[in-house]
1. Out of the residues in segment A:56-79 that are touching a strand residue (DSSP E or B) at 6+ places or on another chain (Cβ under 7 Å) and part of a loop (DSSP other than H, G, I, E, B), which is nearest to A:ILE31 (Cα to Cα)?
2. In segment A:77-84, is there at least one residue being modelled with pLDDT of 95 or more, surrounded by fewer than 20 Cβ atoms within 10 Å (Cβ to Cβ) and either in contact with a helix residue (DSSP H, G or I) (Cβ under 9 Å, 6 or more places away or on another chain) or of a type in the set (Lys, Arg) (or both)?
3. Would you mention how many residues in segment A:1-25 are away from chain B (no Cβ under 14 Å) and either at pLDDT below 95 or part of a loop (DSSP other than H, G, I, E, B) (or both)?
4. In segment A:256-278, how many are touching a Pro at 6+ places or on another chain (Cβ under 8 Å) and not in a loop (DSSP other than H, G, I, E, B)?
5. How many residues does segment B:43-101 contain that are assigned to a loop (DSSP other than H, G, I, E, B), on the phi < 0 side of the Ramachandran plot and not aliphatic (A, V, I, L, M)?
6. Out of the residues in segment B:19-50 meeting the condition of being within 7 Å of another protein chain (Cβ to nearest Cβ) and of a type in the set (Gly, Ala, Ser), tell me which one is surrounded by the fewest Cβ atoms within 10 Å (Cβ to Cβ).
7. For residues that are outside any loop (DSSP other than H, G, I, E, B) and of a type outside the set (Ser, Thr, Tyr), scanning just segment A:200-228, find the one that is nearest to the other protein chains (Cβ to nearest Cβ).
8. What number of residues in segment A:32-55 are closer than 21 Å to A:ASP172 by Cβ, touching a helix residue (DSSP H, G or I) at 6+ places or on another chain (Cβ under 7 Å) and outside any loop (DSSP other than H, G, I, E, B)?
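The values are calculated or read from the model by the stated rules, or taken from the named source; none is laboratory data. Please read all numbers here as calculations on a predicted model, not as lab measurements. Positions of Cβ are generated from backbone atoms using ideal geometry, with glycine treated the same way; all protein chains shown enter the neighbour counts.
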Amino acid sequence: MARTMQGFEVLTGGEATAHAMRQIRPDVVPIYPITPQTPIIQTFSRFVADGKVDTVLLQVESEHSAMSAAVGAALAGARTMTATASQGLALMVEVLYIAAGLRAPVVMAVGNRALSAPINIHGDHSDGMLARDSGAVQVFAENAQEAYDLMVMAPRIAEHPAVLLPVLVGQDGFSVTHSAENVALLRDEEVQDFVGSYEIPYPLLGDRPSSQGLFAMPDAYYEIKVRQIQALEAAEQVFADVARAYALRFGRHLGAVESYRMDGAERAIVLIGSTAGTAKDVVDELRERGERVGLVAVRLFRPFPHQALEDALATVGRVAVLDRAAAPGTLPPLFADIRAGYHGTAELRSYVYGLGGRDTAPEDIAKVYRDLQLPAHAGIRYLGLLGEDQHGES
Amino acid sequence: MIEVRWHGRGGQGAKTASHVLAVAYLKEDKSVQAFPEYGPERSGAPMLAYTRLDDRPIRRHCAVTQPDIVVVLDPSLTREVPVTSGLKAEGKLLLNVVADSEAEEAVRTYPGKVLGVTADQLAKEAGTRFPNVVLLGAYAGWVGAPSLDHLQEALIEVMGHLPAKAKDASVRAMAAGYAAGERGRADV
């Protein structure tokens, strides 16, 4: 590894995530490879083979099996992690709902990638949105450093007694998973101390074994489901507490929402993931020219931090919400969530961008800020679409 | 911010070169980014990789469309791929050439600085078949950074898994490339 005096290394998001897993030392990691997540389990498998971590690595025959094994391991009391992407996450989703329902705190790294068809290996958030209502906590990283930091934070969120739910840590396929950049790793002992030990409250095995995965008829199912919903809601405060503890300890604060140069902003973009970095460069350029623009990056997607968004958008005039996924037939997911919970006065506009890895250049972001000076458009705009009317309505 | 685009063929080490350069620049306290452009991955097919470096943290995660420097790892690529596409007019183009190559012809319209290095030949003399290490050396010698020491340290770190003989050959090839790059700088 390339270490310099400042303690930075050149690591991809995938490698940084594998380092986080090595330092966390999960008991069980069931795996099945899929691009662009493969570098995570490939790197982690090498750590296991080299004896740098003594995790039980289960190589199974599909993502469905990987997630099933993860649920079993987690309920037996093992600290359990896995990783996936795209079609792999799609195949896991059936079992992800079960993991959430059984309150199995599995931590999953996701290399966010488009869903087929057409088949495509590149980044967008369609896979994450497919898992949106599974009941899992879902966070998204902007860069390799955040992918690492969020992975280190994830076990404490997943395993918190008030939560006990799967946590999906998303990073954009290729632009983060395969992009090598400056990353500062914590020391192994720091991570282990931060994550702490883990004991499941109701283990499947041991002196006081419990039954798991039971049948629940109409007299009980509803109550169990509502408690599960409440556990996901409780994860918002737990995320905030863990983020604060992480910041106090290591100096990097990863809040549910990041407001960038929103002071006095008249126009703002809200988005998720790696394009936030590109947008920050554009905000700086436009601010230098005296334009009052800002950015809000959403890291915590489930539970959705409605109040944090409300606060972030309290004084802004016009807002473009950029979704890297669609919800065909209705409004895109991030836009819909923001609009549903927003009581402020800002005018909200919906954009879709970057599907299937379509590049989003600084000029594309600048164009959105220019659009926001014009009268509102109806419907959804498709940013960066070639050769067609970019308006959702004809 | 400086943006470098690497043109290679699958298997020639363009991705590795982009990464080694980033690691070397990190040793000079730069913020860096290195990433390949992924398409259908086939041995021998034209492919691209990029290195970004800056004194400030690099935040953008978009494509490089207007590189400052382009490095071409295979002499035949200049006939197949528009290697100067988007390259800044005041930029630099570093080419792997063979004697009497058509490469110069292909890039004659480019107004910036061009340096041809017989990277395959220099690699072979050093005992390796990879032109990427020669061109990394030539890059540093021509551009003036990173230092050869940092580049060689970075190479050994990134190629840590290779046998000592292969690493030694790569280090020699890199030094030969560096000397060729320095000569190119002196000529300008």
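1. Selected residue: A:VAL60.
2. Filtering segment A:77-84 down to residues modelled with pLDDT of 95 or more leaves A:78-84.
Still in the list and also surrounded by fewer than 20 Cβ atoms within 10 Å (Cβ to Cβ): none.
No - not one qualifying residue is present in segment A:77-84.
3. Matching residues across segment A:1-25 total 1.
4. 2
5. 21
6. Among those that are within 7 Å of another protein chain (Cβ to nearest Cβ) and of a type in the set (Gly, Ala, Ser), it is B:SER31.
7. This residue is A:GLN228.
8. Qualifying residue count for the region: 4.
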